[in-house]
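What follows is one structure encoded as structure tokens, with my remarks underneath.
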Amino acid sequence: MSDIYQISLTTHTGETFTGKMSRGQPVLVKGFVSLATETGEWLYYAPTDVKHLRFTPVSSEGDYEGRAS
């Protein structure tokens, strides 16, 4: 099982946001859905705004910034 996942979050307005997160990073924070972007920025969404949330395993840990290859 991969420790790093490519995350794709789609809102009800049709906007899609992506990022990579480890299994240790929280998905829910104080009732909000969190997303760590690839630039290091964290975005938070109300659960009612999220239409689709996809977690895709990253095959190589070297693909994740900050991890050794």
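Read-outs: derived from the displayed coordinates by stated rules, not from any lab. Keep in mind it's a predicted model, so treat the numbers as computed, not measured. For neighbour counting, all protein chains shown are included, and Cβ atoms are generated from backbone atoms with ideal geometry for every residue, glycine included.
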Revision key, fill the gap. Magnitude of the Cβ-charge dipole (Lys and Arg +1, Asp and Glu -1) of the range 4-57 about the Cα centre, nearest 20 debye, reported as 220 debye
Exercise for review: Using +1 at the Cβ of each Lys and Arg and -1 at the Cβ of each Asp and Glu in the range 4-57, identify which of Thr48, Gln25, Thr10 lies farthest towards the dipole's positive end.
Suggested key: Gln25
Review point. For the range 4-57, what is the Kirkwood estimate of the hydrodynamic radius, computed as the reciprocal of the mean inverse distance between distinct Cα atoms, to one decimal in Å?
Key: 11.1 Å
